[in-house]
Amino acid sequence: MPATSVIGVQWGDEGKGKIIDLITDRADVVVRFQGGANAGHTVIVGGEKFVFHLLPSGVLHEGKLNVIANGVVVDPGQLLGEVEGLESRGREIRSRLAVSGAAHCVMPYHKRLDEYREGRKAGVKIGTTGRGIGPAYSDKANRSGIRVWDLIDEDRLEAKLHANLDEKNKLFTRVFDGEPMRFDEVFEQARVWGARLAPLVRETGKLLREALAAEKHVFFEGAQGLMLDIDHGTYPFVTSSNSDSLGIAAGAGVPPRAIGHQIGVAKAYCTRVGAGPFPSELDGEVADRLREGGSEFGATTGRPRRCGWFDVPAARYAAALCGLDGLAITKLDVMTGLPEVGLVTGYRIDGELYEDYPVDTPMLERSEPVVTMFPGWTEDVTGATRYQDLPQNCRAFVAEITSRLGVPWEILSIGPARESTILRETA
Ligand code: IMP
């Protein structure tokens with residue numbers, strides 16, 4: 001059975017958590033390979049709501065191994081908090097969780113640096129989640145980062161932390177006019193985290209390659225979405241990792257050919273949280289309806305999400321870049337009741353019409369969306385169990401998306417609960 005990846009093809013928050021939770025039944029192993037606690041996956045099971053920032057969405061399923069691989073930046077306090085939060089709700093997961101020793105840690109000074117950089121008067125403001133993601137990946141690229149293995153070896157930790165904190169404290173005080181951090185406090189905190197994390201630490205790349213060789217079904221769970229990818233998204237308004245299937249091989253330590261089947265998750269409309277170009281953005285009544293109806297407020301920061309129509313050229317770009325095999329289209333129910341539903345089918349830039357997504361961010365910033373409207377539907381869709389149960393106009397909208405992208409749908413999500421889903425096999 002091939003490994004499967006589930007990734008977001010918009011600007012994050014596409015509803016990946018629900019899709020992964022849903023198809024995890026078929027998985028033996030669920031893997032996070034990039035990003036960190038900037039992600040926020042909401043899963044609703046039996047009326048109970050769970051929000052994870054670092055744990056893979058498979059943790060709610062018994063008998064599945066959950067892996068936090070080397071490409072993730074791990075905030076140790078956040079991770080331990082999520083593990084203990086689940087335990088306090090009667091769900092034991094330690095025996096099913098493996099954390100890569102090679103993953104880099106998000107340290108307290110990374111979060112402060114994120115905050116200081118975003119608070120600067122000059123320079124680009126990304127509107128980050130403030131979780132220290134960019135500074136942690138910067139230290140990784142600078143070869144100065146602290147990895148999980150370093151955290152559990154006190155001598156290594158002490159030496160590395162001294163070097164890091166010396167540099168960061170100079171930045172805090174001399175560049176940002178801020179406060180330094182005390183070595184002994186950060187060291188003590190990190191030492192305790194290391195001791196608590198140690199039993200979970202594994203060489204996860206080897207573990208995953210062995211699982212693949214044994215024909216176990218491995219699921220790679222993306223965080224954020226392709227349009228936030230550091231190389232292929234709307235740079236600089238992006239996150240600091242390859243937030244799509246292009247990041248899997250390096251972020252998990254598996255051969256690229258191991259990624260067999262790729263599912264792209266897209267909402268039936270678009271949202272974006274944080275700064276940066278968003279050509280299909282709406283304001284006014286329709287945007288308010290999508291925001292309220294879809295609870296479009298950040299799971300990590302609570303910020304209201306910007307809302308817009310489904311952006312076909314952007315999704316087609318994502319499909320081509322990742323080589324998607326199938327689509328999961330989510331939140332179709334949120335569009336119920338709109339008299340008309342729109343698709344962005346191109347852009348007008350400097351008076352010229354473009355059918356393809358422009359990769360140069362300033363061009364995208366100057367683009368005006370070309371929107372094609374389709375008739376909406378008023379019938380409640382949440383109880384549908386088969387494709388044929390959906391209203392004709394809803395099916396026509398889905399067909400417009402899939403034919404314009406050249407990718408078939410595999411899953412349609414029509415409500416937050418696990419049951420509110422139509423799978424291609426059962427359609
Ligand atoms: P960072 O990842 O916290 O550095 O934030 C960089 C950009 O990515 C900001 O625009 C964030 O709002 C956005 N971002 C990060 N994580 C998520 C996510 O899980 N969903 C949606 N947007 C995200």
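The values are calculated or read from the model by the stated rules, or taken from the named source; none is laboratory data. Source: prediction; values computed, not measured. All Cβ positions, even for glycine, are placed from backbone atoms using ideal geometry, and neighbour counts span all protein chains on display.
For every residue, the table says whether it meets (1) modelled with pLDDT under 95; (2) in contact with a Gly (Cβ under 6 Å, 6 or more places away or on another chain); (3) farther than 25 Å from D288 by Cα.
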residue	(1), (2), (3)
T336	no, no, no
V344	no, no, no
R366	no, no, no
P369	no, no, no
F374	no, no, no
G406	no, no, yes
W409	no, no, yes
L412	no, no, no
R418	yes, no, yes
query = So which residues in the range 214-266 are more than 16 Å from the ligand (Cβ to nearest atom) and part of a loop (DSSP other than H, G, I, E, B)?
reply = A214, E215, K216, H217, G253, V254, P255
inquiry  = Looking only at the range 300-332, filter to residues that are touching a residue at least 60 places away in the same chain (Cβ under 8 Å), farther than 14 Å from W11 by Cβ and of a type in the set (A, V, I, L, M); which one of those is nearest to the ligand (Cβ to nearest atom)?
reply    = A328
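Got a sec? Which strands (runs of 3 or more DSSP E) wholly within the range 310-401 have at least 3 residues that are not hydrophobic (A, V, I, L, M, F, W, C)? Quick ask: steps written out before the conclusion?
Details: elements: 326-330, 340-349, 352-354, 368-375.
Counting at least 3 such residues, we get 340-349, 368-375.
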note = Note on G46: of the conditions (1) more than 17 Å from the chain's Cα centre (by Cα); (2) farther than 20 Å from I230 by Cβ; (3) at pLDDT 95 or above, unmet is (3)
request  = Please state which of the following conditions P180 fails to meet, knowing it meets all the rest: (1) assigned to a loop (DSSP other than H, G, I, E, B); (2) away from the ligand (no atom under 16 Å from the Cβ); (3) touching a residue at least 40 places away in the same chain (Cβ under 8 Å).
outcome  = (3)
request  = Identify all residues within the range 25-55 that are surrounded by 24 or more Cβ atoms within 10 Å (Cβ to Cβ) and polar (S, T, N, Q); write none if there are none.
outcome  = Q34, N38
task = Please name all residue pairs, on different chains or six or more residues apart, with Cβ atoms under 7 Å, provided the first residue is in the range 235-252 and is of a type in the set (D, E, K, R) and the second residue is away from the ligand (no atom under 13 Å from the Cβ).
result = D244/C322
task = Please specify each residue of the range 332-348 satisfying the condition of being under 22 Å from R386 (Cβ atoms) and surrounded by 21 or more Cβ atoms within 10 Å (Cβ to Cβ).
result = L332, D333, V334, M335, V341
ask   = Would the range 294-303 turn up any residue that is part of a strand (DSSP E or B) and under 27 Å from P375 (Cβ atoms)?
value = no
Condition broken by T300, with the remaining ones in (1) within 22 Å of V238 (Cβ to Cβ); (2) modelled with pLDDT of 95 or more satisfied = (2)
task = Can you work out which of the residues in the range 79-131 that are under 20 Å from the mean Cα position of the chain (by Cα), within 14 Å of the ligand (Cβ to nearest atom) and among the aliphatic types (A, V, I, L, M) is modelled with the highest pLDDT?
result = V106
task = Could you please tell me which pairs satisfy a Cβ distance under 7 Å, a separation of 6+ or placement on different chains, a first residue in the range 120-138 that is in a helix (DSSP H, G or I), and a second residue that is near the ligand (Cβ under 9 Å from one of its atoms) and among the β-branched types (V, I, T)?
result = I133/T239; G134/T128
message = For the range 28-75, give me each residue that is aromatic (F, W, Y) and closer than 25 Å to D139 by Cα.
response = F33, F52
